[in-house]
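S.K.: Below is the structure I would like to discuss, written out as structure tokens.
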Amino acid sequence: MTQAIPNAPRNTRQRAEVLALLREVEGFLTAQQLHQMLVAREARVGLTTVYRTLQLLVDAGEVDSTRLPGGEQLFRRCGQSRHHHHLVCRQCGRTVEIAGPAVERWADEMAARHGFTDVQHTLEIFGTCAACAR
């Protein structure tokens, strides 16, 4: 008998459809953009379900999430299983995953200095990619 993993997201049709779409697209997209693409494919999934599914996938480490300076949240399939950061083009959305060992050390040092434990962080660096700068 297979035992369920506590707090693991269920494998639903909607989750499978969202993941399949994320595997096909490049860069970060909003939940609304993903929902529109799913509707165009005639997938029967509501916007609320897309938001909920994306959050479950972020929590499970299968999807990256970032916020634009204006606050809009974007999502994309995670290309790396280990912790990483992003360079994001403000114009086209092109994203480059980067490692940041100096950032990791600094975050750990700051947490320890101030008595914090179980620390998590994200780092998104926004700019203009070379193609858009031309």
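The values are calculated or read from the model by the stated rules, or taken from the named source; none is laboratory data. Here the structure is a predicted model, which means the values were calculated and not measured. Note that we place each Cβ from the backbone using ideal geometry, even for glycine, and neighbour counts take in every protein chain shown.
S.K.: Do we have any residue at all in the range 51-59 that's surrounded by 13 or more Cβ atoms within 10 Å (Cβ to Cβ), within 13 Å of the chain's Cα centre (by Cα) and within 17 Å of Leu123 (Cβ to Cβ)?
M.R.: Yes, the range 51-59 contains at least one residue that is surrounded by 13 or more Cβ atoms within 10 Å (Cβ to Cβ), within 13 Å of the chain's Cα centre (by Cα) and within 17 Å of Leu123 (Cβ to Cβ).
S.K.: Would you check which residues across the range 80-106 are closer than 25 Å to Gly70 by Cβ and of a type in the set (Gly, Ala, Ser) and list them?
M.R.: Gly93, Gly100
S.K.: Is it fair to say Gly70 is modelled with pLDDT under 80, exposed (fewer than 15 other Cβ atoms within 10 Å of the Cβ) and touching a Leu at 6+ places or on another chain (Cβ under 9 Å)? Spell out how you get there, then give the answer.
M.R.: Values: modelled with pLDDT under 80: yes; exposed (fewer than 15 other Cβ atoms within 10 Å of the Cβ): yes; touching a Leu at 6+ places or on another chain (Cβ under 9 Å): no.
Answer is no for this residue.
S.K.: His114: more than 30 Å from Arg13 (Cα to Cα) and in contact with a helix residue (DSSP H, G or I) (Cβ under 7 Å, 6 or more places away or on another chain), yes or no?
M.R.: Values: more than 30 Å from Arg13 (Cα to Cα): yes; in contact with a helix residue (DSSP H, G or I) (Cβ under 7 Å, 6 or more places away or on another chain): no.
No; evaluated as a whole, the condition is false for this residue.
S.K.: Among the residues of the range 119-133, which ones are in a helix (DSSP H, G or I) and either of a type in the set (Gly, Ala, Ser) or closer than 18 Å to Val103 by Cα (or both)? Step through it out loud before you land on a result.
M.R.: The first filter runs over the range 119-133 and keeps only residues in a helix (DSSP H, G or I), leaving 130-133.
Across the range 119-133, the qualifying residues are Ala130, Ala131, Ala133.
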